[in-house]
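Take a look at the structure set out below.
The values are calculated or read from the model by the stated rules, or taken from the named source; none is laboratory data. Everything numeric in this text was worked out from a predicted model, so none of it was measured. Neighbour counts are summed over all protein chains in view; Cβ atoms, including those assigned to glycine, are modelled from backbone coordinates with ideal geometry.
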Amino acid sequence: MDQQVFIHFVAGPARQSYLTHRIFPSITIAQAILESGWGKHVPTDAATGRYSYNLFGIKGSGPAGSVTVNSREVENGQTVIRPSAFKAYYSYQQSIDDHASFLLRPAYKRVILASTPTEAAQELQKAGYATDPAYAEKLTNLIRTYHLTQYDQFAPEEKSVPEWKQELGLRALKEGLITSPEWLGKLDEPMPAWAVFAVALRLLDKQRNIP
């Protein structure tokens, strides 16, 4: 697949995912490029040829089930071929949303709070997302080379959640009133009583210096 065509296919879903997951689209696009080899290494079922839309090589069962790929693994110093099940999706949007949901874990809190894509890439590295010591550098090089930050720009009317709500959510996460970035995807939802109690109790614990 042509590089610009690949970027075109994943940029829209990456921007849509940002509205609920707060992962810079440029970071998502760069990760998709790096981890799928520009779409050349998206898992495809060895028997049927079914395309998985799995941009990030996530194993398991997805919305469209799974595809089986013969993977090389090292066992006792020997390379063996083992069938592995990779998640299958119906679209790149589902793949990107699933990957973004994975990053909404407390371990990746600083990725969400990053003020720039470069900082987000560094925080991914620090959080242990990849074992490659040059992973953050590779992401930032892709972002710079292909001008991916252009996809981080949104007109006010494009944002499904008002900017002031997003800023409140980010501040609550930074201050520890909420402990998981998953809350950022619920900023425009009605808040049930238990959620109000959870935030209030968290504030009380902070005042009492309870971790």
Restricting to region 22-38, name every residue that is within 20 Å of R110 (Cα to Cα) and surrounded by fewer than 22 Cβ atoms within 10 Å (Cβ to Cβ). none
Residue match in region 49-57 (condition: closer than 24 Å to I112 by Cα and assigned by TED's automatic domain parsing to the domain that holds S115): no
Do you know which of the residues in region 115-139 that are surrounded by 20 or more Cβ atoms within 10 Å (Cβ to Cβ) and touching a residue at least 40 places away in the same chain (Cβ under 8 Å) is farthest from L19 (Cα to Cα)? L139
Of the listed residues (L34, L103), the one being at pLDDT below 95 and assigned by TED's automatic domain parsing to the domain that holds Q150 is L103
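Conditions tested, residue by residue: (1) modelled with pLDDT of 95 or more; (2) surrounded by fewer than 20 Cβ atoms within 10 Å (Cβ to Cβ); (3) under 19 Å from the mean Cα position of the chain (by Cα); (4) in a helix (DSSP H, G or I).
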| residue | (1), (2), (3), (4) |
| --- | --- |
| V80 | no, yes, no, no |
| Y89 | yes, no, yes, no |
| I96 | yes, no, yes, yes |
| V111 | no, no, yes, yes |
| V161 | no, yes, yes, no |
| L170 | no, yes, yes, yes |
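Here's the yes/no breakdown for (1) among the aliphatic types (A, V, I, L, M); (2) in contact (Cβ under 8 Å) with a residue 24 or more places away in the chain; (3) within 20 Å of E137 (Cα to Cα); (4) not in a helix (DSSP H, G or I):
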position: V10; (1), (2), (3), (4): yes, yes, no, no
position: I23; (1), (2), (3), (4): yes, yes, yes, yes
position: T28; (1), (2), (3), (4): no, yes, yes, no
position: A47; (1), (2), (3), (4): yes, no, no, yes
position: S66; (1), (2), (3), (4): no, no, no, yes
Is it the case, given these coordinates, that T20 is outside the structural domain of I143 (by TED's automatic domain parsing) and either among the polar types (S, T, N, Q) or in contact with a His (Cβ under 9 Å, 6 or more places away or on another chain) (or both)? no
Criterion (touching a Gly at 6+ places or on another chain (Cβ under 8 Å), in a helix (DSSP H, G or I) and more than 20 Å from T140 (Cβ to Cβ)) met by exactly one of A107, A85: A107
